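Enquirer: Submitted below is the structure of interest, expressed as structure tokens.
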Ligand SMILES: NC(=O)c1ccc[n+]([C@@H]2O[C@H](COP(=O)([O-])OP(=O)(O)OC[C@H]3O[C@@H](n4cnc5c(N)ncnc54)[C@H](OP(=O)(O)O)[C@@H]3O)[C@@H](O)[C@H]2O)c1
């Protein structure tokens with residue numbers, strides 16, 4: 001297991017800035033713990049996109065309490081990792097469940113880096129105008145609703161309608177739409193339902209599952225996937241593990257099962 005330094009220490013900040021510069025300028029990335037965990041996100045392998053999911057969970061596989069509270073499952077190390085992921089992508093995607101429960105800003109604040117576009121999947125147009133995700137801060141914002149759903153548009157938000165069959169929008173169509181808008185490296189940040197739909201549609205190249213040393217004992221599970229009867233039907237993934245402080249990142253490689261996204 002590799003252990004990587006945290007940007008909280010000044011020397012680590014310098015390492016992060018150096019890494020960020022090299023990541024985007026196409027320089028060869030020198031071997032380092034940051035390179036080990038983030039280099040797989042740099043270049044598309046299956047088509048023109050890189051799609052990474054992240055979920056922060058307890059040791060007993062919970063992402064939020066039964067009341068939907070998740071601030072914060074992860075400690076400073078896990079949160080720093082999340083902000084590093086944000087700084088490396090063109091767009092963050094979340095489901096409206098998370099937008100309503102957490103009212104997240106979805107910006108890069110804990111490390112240096114540019115905040116990516118924010119994309120909310122909201123098939124029924126439920127997200128209020130005053131949500132922080134829609135704040136007029138100059139960062140690109142995209143509201144994905146179901147075809148025929150009437151919402152009052154906001155001048156600073158791009159509104160996209162996609163077919164919703166039984167309330168479900170095909171994740172592949174979502175990614176095609178983002179690709180058309182030039183957003184080709186995408187972080188699916190949660191919650192469980194949204195990650196599960198992208199996984200179910202075989203749209204993730206990688207999944208960063210960050211396990212915090214907490215037992216919740218009850219609460220919302222990390223995934224909502226079809227039930228299986230036998231253990232041999234369980235998904236077993238090639239995984240690399242990284243220790244960040246006292247949390248473990250399982251970097252799961254999903255490329256073998258990834259569906260190609262026909263990019264237009
Ligand atoms: N620990 C963590 O890392 C973490 C991260 C994020 C969130 N959370 C927690 O997770 C909870 C929210 O998770 P959640 O699973 O309830 O909700 P969610 O995944 O945030 O949002 C789910 C909703 O988004 C819409 N949606 C997502 N993908 C869609 C698709 N492909 N097609 C159509 N609609 C789609 C649907 O909206 P409709 O319901 O309108 O159909 C769906 O019910 C909150 O408690 C939050 O605090 C934890």
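Enquirer: Within 13 Å of the ligand (Cβ to nearest atom), out of contact with any helix residue (DSSP H, G or I) (no Cβ under 6 Å at 6 or more places or on another chain), under 24 Å from residue 258 (Cβ atoms) and modelled with pLDDT of 95 or more - does that describe any residue in the range 124-142?
Expert: no
Enquirer: Taking the conditions exactly as written (assigned to a helix (DSSP H, G or I) and surrounded by 19 or more Cβ atoms within 10 Å (Cβ to Cβ)), does residue 261 satisfy them or not?
Expert: no
Enquirer: Would you check if there is a residue in the range 223-230 being within 11 Å of the ligand (Cβ to nearest atom), buried (at least 22 other Cβ atoms within 10 Å of the Cβ) and within 18 Å of the chain's Cα centre (by Cα)?
Expert: no
Enquirer: Looking at (1) under 19 Å from the mean Cα position of the chain (by Cα); (2) within 13 Å of the ligand (Cβ to nearest atom), which is the only condition residue 147 fails?
Expert: Of (1) under 19 Å from the mean Cα position of the chain (by Cα); (2) within 13 Å of the ligand (Cβ to nearest atom), only one is false for residue 147: (1).
Enquirer: Continuing with this model, one more query. Do we find a residue being within 11 Å of the chain's Cα centre (by Cα) and more than 25 Å from residue 125 (Cβ to Cβ) anywhere in the range 55-72?
Expert: yes
Enquirer: Of the residues in the range 20-63, how many are in contact (Cβ under 8 Å) with a residue 60 or more places away in the chain, away from the ligand (no atom under 16 Å from the Cβ) and not in a loop (DSSP other than H, G, I, E, B)?
Expert: Count: 8.
Enquirer: Sticking with this structure for a sec: Assess whether residue 157 counts as being surrounded by 15 or more Cβ atoms within 10 Å (Cβ to Cβ), at pLDDT 95 or above and more than 13 Å from the ligand (Cβ to nearest atom).
Expert: So residue 157 passes the test.
Enquirer: Name the residues in the range 113-143 that are assigned to a strand (DSSP E or B) and over 16 Å from the mean Cα position of the chain (by Cα), would you?
Expert: 143
Enquirer: Kindly provide the set of residues from the range 64-103 that are closer than 17 Å to residue 144 by Cα, buried (at least 19 other Cβ atoms within 10 Å of the Cβ) and either free of Cβ contacts under 8 Å to residues at least 40 places away in the same chain or more than 8 Å from the ligand (Cβ to nearest atom) (or both), ordered by number.
Expert: 90, 91, 92, 93, 96, 99
Enquirer: Could you check the range 104-145 and list, in sequence order, the residues that are surrounded by fewer than 17 Cβ atoms within 10 Å (Cβ to Cβ) and within 17 Å of residue 185 (Cβ to Cβ)?
Expert: The answer is 114, and nothing else.
Enquirer: Mind checking whether some residue in the range 18-31 is surrounded by fewer than 16 Cβ atoms within 10 Å (Cβ to Cβ) and within 25 Å of residue 126 (Cα to Cα)?
Expert: no
Enquirer: Something else about it: Among the residues of the range 205-234, how many are assigned to a loop (DSSP other than H, G, I, E, B) and touching a residue at least 12 places away in the same chain (Cβ under 8 Å)?
Expert: 14
Enquirer: Tally the residues that are in a strand (DSSP E or B) and either more than 10 Å from the ligand (Cβ to nearest atom) or on the phi > 0 side of the Ramachandran plot (or both), restricting the search to the range 160-204.
Expert: So the answer is 6.
The values are calculated or read from the model by the stated rules, or taken from the named source; none is laboratory data. Model, not experiment: these values are computed from the prediction. Positions of Cβ are generated from backbone atoms using ideal geometry, with glycine treated the same way; all protein chains shown enter the neighbour counts.
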